[in-house]
Each structure stands twice: as structure tokens, then as C-alpha cells.
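One structure is given here, and the rest of the page talks about it.
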Amino acid sequence: MEGDYDVIVLGTGLTECILSGLLSIDGKKVLHIDKQDYYGGESASLNLTQLYSKFKPSKPYSDQFGKDRDWCVDLIPKFLMSNGELTNILVHTDVTRYMEFKQISGSYVYRGGRIAKVPSNQTEAISSPLMGFFEKRRMKNFLEFIIKYKEDEVSTHGGVDLDKITMDELYNKYGLERGTKDFIGHAMALWSNDDYLSQPARETYDRIVLYLGSVARYGKSPYIYPLYGLGELPQGFARLSAIYGGTFMLDTPIEEVLYEDGKFAGVKTKEGVAKAPVVIADPTYFPEKVKSTGQKVIRAMCILDHPIPNTSDADSAQIIIPQNQVGRKNDIYIATVSSAHNICAKGYYLAIISTIIETDKPHLELEPAFKVIGATKDVLMGIAELYEPIEDGSKDHIYISKSYDPSSHFESTTDDVKDIYKRVTGHDLVLKKRATVEEEAELAGLS
Ligand SMILES: *[C@@H]1O[C@H](CO)[C@@H](O)[C@H](O)[C@H]1NC(C)=O
Ligand SMILES: *[C@@H]1O[C@H](CO)[C@@H](O)[C@H](O)[C@H]1NC(C)=O
């Protein structure tokens, strides 16, 4: 590893691995180091031995849920939107070659104490149990407006300017009830709080279009998920980087960070000194250069031996509990996957519940979600503080990623990737426009 590089990357979380891959494709000489002996950092998928030793150190895993190696439990539960930016990056970089994806079978939302499928077109709106008779018609009209809207055809704008009207005003124009606003804003536009209501409707419109377009792509839900868990993602990008000449070293703690004139210059490890003018790192490598966002996330990993009730026995699903529905300020997310995605032993299901903590009894905040998922065989809980860099890296050439938020998808992660990419290279990340049909088939795992 000794020698000169263009970029040193510390930590093999998803953000770091995507950047490593993208910069390697650009022809940069990348050295990628992780202090841990496995890929993925905070965004790894762990087997049960690793999981129990992390979250229940006093109670080592003893094969009660089948073979340890059949399990890949995500530390950061998220799904990919099939039309989302991470999917674009995967297709653009050909990382789809190293992985197989499968659809998530359902997208559900909690309203009035029960869960129901999120309607994704006018026909589904009309038959949805989420709304009463008249509200269904209003929802149908709203969806029709969204689907028919074309930027360059004023006649489709219904007299509104999406950059001026607030989202709440747009909802009110269609006469939608509060509970309907909740599921559109939180389960389709995927906002985690209600700040968006008073902002221009444009971004929420874009998010609903992303949701509907993602459902339309493969059918059952807007989400896709890699076989063997999310830990496959950083590894896929690491392989990409390696193909373009990137050097990887796991299990290599950093002994010293070297500076010249206050700027990053390299690192010293047990393998020697490596030099580079730029470093990209996750927050754990530079604790003195990050600050808490003031938010903490609680995640509960629940082992089940049954599908989630009221999901038509779905082998996988995203369930969103909008904050208003349970008197909170932040949504509660439930991501459930099973052996259909090769992440656990046959007959088992994994449900991961997450939310931003609002009280000093965080486990009680998850109560509504525990009611939804039904009986559990075991529950492992962890709390993580969220960090972000204090500076943008322009002064010391140290570019630090943000912690993974509790949102149900990767759109904020790819925003961070694009933002760091631009700060490091000085230009925007430009992705190839369209995938070939073959690549698409490969991505869907449907070929
Ligand atoms: C599940 O369905 C049953 C029967 O319709 C209903 O009583 C219950 O409230 C539902 N639970 C959830 C969480 O949707
Ligand atoms: C609406 O969605 C359902 C279920 O995914 C599908 O069967 C139906 O064809 C869709 N209808 C329209 C008008 O797109």
C-alpha cells in the first residue's frame, strides 16, 4: 500500500464505496482502507453471530434460528427506489453485473389504526380501504392531475404553478382530508415530517412522480432489494473500484493522519505510509471534524417466524407509520424481508423498525410498530447518533460523509455522494442517460 495515490478513502460504507468506484472509473488512483475486517462499515449486513455480539454481547448466538451464515441483517434498513438515483448509478457503472435484485412485494401505510396498501394509480385509489367513498374520488382526481401534468403543456397545469403554490394548498384544491395528506406525503412522497406542507409543491410533485414511476417499472411496489442484503452494495462498488485499479485493505486501523500546511497529506498504518492530497472518510475516522445533527435513530431488528399480518403474506414489504397517525413528529418505518431475498433461514422473516428518537424512552416509541408486526422471536435494538461534517473539506481536503438517516430509501445517501463528488472533483457527477434493455432485465433479476 505504500506510495502515492490521488485519493485515500477511509471506511467501506456505501457512500465511500460508491465514491471509490466513481473516482476509479474517472481514472483516479484510489487507496481504500477500513479499520474493520468486513465491508460495509455502518451500512454492513451482519450474520447472527456478529449481530448478537454487537447488540447482545451477554447472549452469544447459539443457532436457535438456524445456521448463522444464512442470515444477513442490514444495520441500515433501506430499500432502493427502482427509478431512484442509486439505481441509476448502479446501472451506469455496471455494478448490476455483480448483484441480483428482487422486488419488494408491497408498500403499506398505517391509517386509523390499521395498515393498507399504498394505492399507486387511479384504479387502486378507487378500491383502497384507506379512504371513504367521496375521498376516493378526490384522491383519484389528485392522482390524475399528477399523472397528466406535463411541464410544457400549460393546459395540464390545472391553473397552478408548482413553484408558487404550497403543497398544502394543492392538497386543499383537491379537497383532500388530513389522513389522506398523511399517506400521500409520507408513504408516496416519503417525507419524514410535515415541513413540506408549507413549501412549494414542486419537490413533493417530483417525489410522487418518482414513487409512481418506480411502481410502474416492475409492478408490486416502488422498491427493489439485493439478494443477500444491502451489504452487497458496498462490496459491488468495491469490486468495481478494484477492476479500475483501486487498492483495498480491510482490518487496517489508521495509526496517524499526516498533514502538510494544515492540509491532508496521507495516512500511516501498520503497512506503512500512503500519501494522497485528498481523503474521503466516514464520520468515525475524524470524530473531531464532525458534529452531531442533534438527532438519534433507534433501530430494532426483529426476528419473526411469520409474515406481517394484513400484508397478504408478503415475503417483503415497506410499512410507513406517518407521524400524525400516532401523535409523533417523525415517521416510524418498518422494512421487512425474508428468505425470498436470501437474508435469513427458511421460515423466518426479519422486520427492522426505525425512527428518530423523540423521548427518553425510545423503545416505547416503537410500540405502534410492534403492534403491526405481531409476535417476535427475538428483538435486538441499537441507538445511533447522526453526524455530519463541520466543514466542507475545501480547506483541509478532508471530505466526510454524513451518517445514514432513518429514511426508508437511499435518495439522501446519493445526494451526499453527488455533493462530495462535486466538492472533490470540482464538477457535477454526470450519469449516462439510459440503460440498455439487457441491463434493465439484469437489474430486475427478472431475466
Ligand atoms: C389487521 O386486520 C384485522 C382484521 O381485519 C384488524 O382487526 C386489525 O386491526 C388489522 N391490523 C393492522 C395493524 O392493520
Ligand atoms: C393499477 O395497478 C394495478 C396493480 O398494480 C394494476 O393491476 C393495474 O393495471 C393498474 N391500472 C392502471 C390504470 O395503471
* When you scan the stretch 110-144, how many residues do you find that are closer than 19 Å to ILE334 by Cα, of a type outside the set (A, V, I, L, M) and within 14 Å of ligand 1 (Cβ to nearest atom)? -> 6
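So that you can scan it fast, the table gives a plain yes or no per residue for (1) crowded, with 23+ Cβ neighbours inside 10 Å; (2) within 25 Å of ILE298 (Cα to Cα); (3) in the same structural domain as ILE320 (by TED's automatic domain parsing); (4) modelled with pLDDT under 95:
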residue	(1), (2), (3), (4)
LYS59	no, yes, yes, yes
ASP68	no, yes, yes, yes
LEU75	yes, yes, yes, yes
GLU85	no, no, yes, yes
ASP94	no, no, yes, yes
TYR98	no, no, yes, yes
* To do: Tell me which residues, restricted to the stretch 86-106, are touching a Lys or Arg at 6+ places or on another chain (Cβ under 7 Å) and either hydroxyl-bearing (Ser, Thr, Tyr) or within 14 Å of ligand 2 (Cβ to nearest atom) (or both).
  => TYR98, GLN103, SER105, GLY106
* Structure fact -> By residue number, the members of the stretch 357-386 that are among the aliphatic types (A, V, I, L, M), surrounded by 12 or more Cβ atoms within 10 Å (Cβ to Cβ) and part of a loop (DSSP other than H, G, I, E, B) are ILE357, LEU366
* **Flag if TYR349 is surrounded by 17 or more Cβ atoms within 10 Å (Cβ to Cβ), at pLDDT 95 or above, of a type outside the set (A, V, I, L, M) and farther than 30 Å from ASP94 by Cα** => yes
* So which residues in the stretch 87-110 are over 19 Å from ALA317 (Cα atoms) and touching a helix residue (DSSP H, G or I) at 6+ places or on another chain (Cβ under 6 Å), if there are any at all? -> LEU90, VAL91, THR93, VAL95, THR96, TYR98, MET99
* Asked: What pairs come up if the first residue lies in the stretch 107-125 and is at pLDDT 95 or above, the second is charged (D, E, K, R) and within 14 Å of ligand 1 (Cβ to nearest atom), and their beta carbons are under 6 Å apart, counting only those six or more places apart or on different chains?
  -> TYR108/LYS117
* Asked: In the stretch 296-339, which residues are within 16 Å of ligand 1 (Cβ to nearest atom), small (Gly, Ala, Ser) and over 19 Å from the mean Cα position of the chain (by Cα)?
  -> SER312, ALA314
* Out of (1) surrounded by fewer than 21 Cβ atoms within 10 Å (Cβ to Cβ); (2) of a type outside the set (Phe, Trp, Tyr); (3) in contact with a helix residue (DSSP H, G or I) (Cβ under 6 Å, 6 or more places away or on another chain); (4) under 30 Å from VAL372 (Cα atoms), what's the single condition that is false for GLU124? -> (3)
* Structure fact -> By residue number, the members of the stretch 299-309 that are surrounded by 21 or more Cβ atoms within 10 Å (Cβ to Cβ) and either on the phi > 0 side of the Ramachandran plot or among the charged types (D, E, K, R) (or both) are ARG299
* To do: Among the candidates SER354, SER316, SER312, single out the residue that is of a type in the set (S, T, N, Q), on the phi > 0 side of the Ramachandran plot and touching a residue at least 24 places away in the same chain (Cβ under 8 Å).
  => SER312
* Structure fact -> Taking the stretch 190-205 and the residues there that are surrounded by fewer than 22 Cβ atoms within 10 Å (Cβ to Cβ) and farther than 23 Å from THR156 by Cβ, the one that is nearest to the chain's Cα centre (by Cα) would be ASN193
* Asked: Which residues, counting only those in the stretch 115-156, are within 16 Å of ligand 2 (Cβ to nearest atom), over 19 Å from SER221 (Cα atoms) and polar (S, T, N, Q)?
  -> ASN141
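The values are calculated or read from the model by the stated rules, or taken from the named source; none is laboratory data. Only a predicted model underlies this, so the values are computations on that prediction, with no experimental measurement involved. As a convention, Cβ positions derive from the backbone with ideal geometry for all residues, glycine included, and neighbour counts pool all protein chains shown.
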